[in-house]
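Below is one structure, written out as structure tokens; the observations come after it.
Quick note: the coordinates plus some simple rules give every number you see, no bench work behind them. All values derive from a computational prediction rather than experimental measurement. Note: ideal-geometry Cβ built from the backbone for every residue, glycine included; neighbour counts use all protein chains shown.
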Amino acid sequence: MLEVTQHNWETKGEFVATFDGRPAGLMTYSWAGDDKIIIDHTEVEPAYNGKGVGKAMVYKAVEFAREKNLKIIPLCPFAKATFQKNEEIRDVL
């Protein structure tokens, strides 16, 4: 089962994806002031390519942004493409 957890620090954070307890992906972000995060990197383990791991991490970031009333700046090409393909999550841009 795919699970995405978040770790948040003062200036940076990450979303970590695991699949049945094994590392599946990582998406990192940096804080830009108090109300924005910049998604700067997304990586998925090769064994999990095409299984929705990257998208799950982006959606978890969207959930976090909505809960905390934040905006997301997707500098990472994968995150940017995910926002372009999925209109329902663009409210956090």
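Between the amide H of Ala32 and those of Ile37, Ile38, distances stay under 5 Å, these residues lying 5 or more places away or on another chain, with hydrogens modeled in the peptide plane.
Think of region 2-92 as having a plus end and a minus end, set by charges on the Cβ of Lys, Arg, Asp and Glu; of Pro23, Val53, Thr82, Thr82 sits farthest toward the positive end of this dipole. Shown for Tyr29, Tyr59: other C-beta atoms within 10 Å of each C-beta, ranked fewest to most, produce the order Tyr59, Tyr29.
Straight-line cross-link partners of Lys12 among the lysines, defined as a Cα under 23 Å from its Cα and at least 8 positions apart when in the same chain: Lys36, Lys55, Lys60, Lys68, Lys71, Lys80. Computed about its Cα centre, the charge dipole of region 2-92 is approximately 220 debye, with only Lys, Arg, Asp and Glu carrying charge at their Cβ. Evaluating 6.51 cos²θ - 1.76 cosθ + 1.60 at θ = phi - 60° for every residue in region 55-71, the Karplus couplings come out as 4, 4, 5, 4, 5, 5, 5, 5, 4, 4, 4, 5, 4, 9, 6, 10, 10 Hz, glycine and proline recorded as x.
Semi-axis lengths, largest first, of the ellipsoid equivalent to region 1-68 are 22, 11, 10 Å, with √(5λ) applied to each eigenvalue of the Cα gyration tensor.
Restricting to bridges with both residues inside the chain, how much of the DSSP beta-bridge set is antiparallel, in percent to the nearest 5?
Numbers: 22 of 26 bridges.
Expressed as a percentage, antiparallel bridges in the chain total about 85.
Computed per residue of the chain from DSSP H runs no shorter than four, each worth -39500 (n - 2.57), the mean residue ellipticity at 222 nm is -8500 deg cm²/dmol.
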